[in-house]
């Protein structure tokens, strides 16, 4: 734990009226560690456990908005949002010794069996049910908690402009994907209905039990987006796990459940393959930022696979019987 000693952590926990008995360095925390500067699990005398996160000062405003959204969704009945805990003074984020801290309950989970989990039909149903509940509970979210709609097309345009200038060979490779998105998504993008979305909805951002979802975590990208966004993110991640999963039990169960619910419009469903390809540019950006050449190559191969098989996938998913 470079930069943070036990005393700092214990002192910060006192803002929540917690007396820390131990700092559990042996416990693995779900979700991306990049969402904060530092995090750890603390255990109190009554054996309750909490995740303490130290966050960058520049992230405080966004984190406060996210905590407000999670409080609202939980208050509306969304199960599994795992909202942050208010400190003794009523704030979600406190400053202690020049550092900003927030806290949430620690929820233990069952590790995913990769890639085998990508073929568990029950997981597809569970994730669809969460999105259905999210749609229902977010409908009346107060205006201050909302964001302007996110445009994936503007994001791709900015990213590919940088790639063209800095990585001309990579730009040539992704150009067919850009053209596919321009041909099949751009004409309908602005007409797609929008909704409040998690923004990074995939199984590794969930804490699982043996038979369901205990919590959905890492809400940093939540906000108003085209309503198909979370579904496209999830299915795209399943195919990246293993391409066979795109037509496997998890994905087909997920799609069936969403179709039954009616939360996605007839305009959104045909745009699903193109939106999946578009969202992969966000992952490509992450690999570029980390200079992960292996993942950059893998990502571009996968993007090409999505484009080349888009119509076939669309036919398979549309032919899937609608059943409970």
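We did not get these values from a lab; they are worked out from the coordinates using the rules stated. This is a predicted model, so every value here is computed, not measured. Positions of Cβ are backbone-derived with ideal geometry, glycine not excepted, and every protein chain shown enters the neighbour counts.
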For the chain, longest principal axis from Cα atoms; helix 272-289 axis from its Cα atoms; angle between them, nearest 10 degrees, is 50 degrees
Ranked by GNM mean-square fluctuation in the chain (Cα springs under 10 Å), the top entry among 33, 83, 243 is 33
Tilt, helix 229-241 to longest principal axis of the chain (alpha-carbon atoms), in degrees rounded to tens, equals 80 degrees
Taking every C-alpha to C-alpha distance in segment 6-105 and binning by 5 Å from 0, the per-bin percentages run 2, 13, 24, 25, 21, 11, 3, 0
Here the tail fraction of P(r) beyond 16 Å, over all Cα-Cα pairs of segment 177-261, rounds in percent to 64 percent
To the nearest 10 degrees, the tilt of helix 249-261 (Cα long axis) against the first principal axis of the alpha carbons of the chain is 90 degrees
Here the Cα Rg-to-2.2 N^0.38 Å ratio for segment 116-319 is 0.99
Among 268, 21, 133, the residue with the largest mean-square fluctuation in a Gaussian network model of the chain built from Cα contacts under 10 Å is 21
Given 20 °C, 1.002 mPa s and a Kirkwood radius over Cα pairs, the Stokes-Einstein diffusion coefficient of segment 29-177 in µm²/s is 113 µm²/s
The relative contact order of the chain, taking Cα pairs under 8 Å that sit 6 or more residues apart, comes to a percentage of 18 percent
Note on segment 247-324: contact order normalised by length, alpha-carbon pairs under 8 Å, 6 or more apart, percent, works out to 54 percent
Calculated from DSSP helices alone, with each H run of at least 4 adding -39500 (n - 2.57) and the total divided by the residues of the chain, [θ]222 nm to the nearest 500 comes to -14500 deg cm²/dmol
At 20 °C in a medium of viscosity 1.002 mPa s, segment 207-308 has a Stokes-Einstein diffusion coefficient, with Rh taken as the Kirkwood radius over alpha carbon pairs, in µm² per second, of 143 µm²/s
Computed from the beta carbon distance with a Förster radius of 22 Å, FRET efficiency for residue 141 and residue 79 to the nearest 0.05 stands at 0.85
